[in-house]
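The values are calculated or read from the model by the stated rules, or taken from the named source; none is laboratory data. As the structure is a prediction and not an experimental result, all values here were calculated from the model. A quick note on method: Cβ atoms are made from the backbone with ideal geometry, for glycine too, and the neighbour counts reach across all protein chains shown. These accessible areas exclude ligands, DNA and RNA; they are computed on the full protein's heavy atoms, side chains included. Shrake-Rupley method; radii C 1.70, N 1.55, O 1.52, S 1.80 Å.
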Amino acid sequence: MVEATQIAPLPTGDVWDYALITAIFAGMFALAYVALATPLLQPLVDLAHRQHWSGLWVRPTIIWITMGFVLLFMRTLLWLRYRPFAPTAEEEAPTLTVIIPAYNEGAMVESSIASVATARYPRERLQIIAVDDGSRDDTWNYILHAALRYPGLVTPIRLPENCGKRGALAEGFRRATGDIIVTVDSDSIISRETLLAIAGPFRDPRVGAVAGKVAVHNRRAHIIPRMLHVRFILSFDFLRSAQSVYRTVYCCPGALAAYRASVVRDVLAEWEHQTFLGAPCTYGEDRALTNLILGAGYDTVYQRTAIVHTMVPTTYGKLCRMFLRWDRSYIREEFRFGKIVWKRPLVSRVLAIYETTITNLRFPVGYGAMALWAINAVNDPASIVRMLLAIMVVSTLYVMYYLRSERSWDFVFGILYGYFSFFALTWIFPYAALTLRARGWLTR
């Protein structure tokens, strides 16, 4: 069995913690001052004066930057307010089913099953369903071996042909007997306390889904996993913890999520047969299910203490395929969330509308600003240096959030990711928007 890397609990209340929080707020105000009260953006303003058409982008860009700072401040306050839910006690633990869908996963699927089978949870209340989605390798053999290792605990299911991850999960949902259903990716290892932790929030009857914390299992294997680990921690311990405060986590990730079984059964048919632009939806099953649960009137929250360690790409090509899958589902589900958000309670609705509006404006405004920067760089090469410095400053501010979660020198990879994302990943979102009808797991 592959052992999961340990992640220390979030340190709070000491001098280092207070110093980081102070530095974060000081950095925000300093960055806002430099961007809006100094000549930093003056070259773009001058360009707008010389070429009037560019003013259509410069002014919205400045307004968007201002609103972005307000959003960052709001997220930071919510992030500081977040507290994880208490785990459920073993004697009060509800019946729980863990579904592990697998496709061409090989030996890793057995490690994933073993991490669930050996997690701390009452064995008589735990069911594990491992679904082989028509794999063409030896995945099925490893699932059968795991079933023999843990008799009466693991239910092996083999689909005759590849149906996609959504189809594999749907088969597991239909066979689940637990009051709570947990999904774990077949390339992921959960921590020993994860199941008790992720069941905790369901004591609140308003909670329909819970997002776990995703860390990178193979973070030492390559520079790409090191960068992604910092990005993942920011995505969960910063963004999702802020969203959890107003109980509207937009995506409970497939790597580790938990759902109230009765809610899943109510929306299963709609989720399984979802279409978009006339094509069946295969990818983005986690965001789609989260949307349906929010639409049914339930809350979605984040549980920091429920931890999973997942394998991530180590090559640029596989990384691009992963982000293509994520961006396509993001675009599709943002349209659906635009209808669902109006059903949320007033405070949640206002915060969610503001966050998603500013976040999504980064695409037209951001890409337009990048085009202006490229045009301006021809006449003003110094703007290239200013852009490189701006990426470093913004990335440094964000990694301070990471340092509050993990006191590790890996924060430097978060700064490096800022440059990598800008120069190597910017093309992915436009391409994803043009290929929304594409299908498949996109994981191999």
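Below is a table of values for the structure above.
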{"item": "Considering residues of the stretch 153-206 that are in a loop (DSSP other than H, G, I, E, B) and of a type in the set (Lys, Arg) only, the residue farthest from GLU90 (Cα to Cα)", "result": "ARG206"}
{"item": "Helices (runs of 4 or more DSSP H) wholly inside the stretch 313-410 that include at least 2 residues being within 18 Å of MET227 (Cβ to Cβ), in contact with a Gly (Cβ under 9 Å, 6 or more places away or on another chain) and not charged (D, E, K, R)", "result": "382-405"}
{"item": "Qualifying residue in the stretch 256-275 (condition: open to solvent by 10 Å² or more (accessible area, probe 1.4 Å) and assigned to a loop (DSSP other than H, G, I, E, B))", "result": "yes"}
{"item": "Out of TYR283, TYR250, TYR246, sole residue that is closer than 24 Å to TRP342 by Cα and over 14 Å from the mean Cα position of the chain (by Cα)", "result": "TYR246"}
{"item": "Top-ranked residue in the stretch 309-358 [being among the aromatic types (Phe, Trp, Tyr) and touching a residue at least 24 places away in the same chain (Cβ under 8 Å); ranked as nearest to LEU195 (Cα to Cα)]", "result": "TRP326"}
{"item": "Criterion violated by ALA371 - all others in (1) under 22 Å from the mean Cα position of the chain (by Cα); (2) under 23 Å from VAL34 (Cα atoms); (3) touching a residue at least 24 places away in the same chain (Cβ under 8 Å) satisfied", "result": "(1)"}
{"item": "Residue list for the stretch 90-102, restricted to those being open to solvent by 30 Å² or more (accessible area, probe 1.4 Å), out of contact with any Gly (no Cβ under 6 Å at 6 or more places or on another chain) and either part of a loop (DSSP other than H, G, I, E, B) or small (Gly, Ala, Ser) (or both)", "result": "PRO94"}
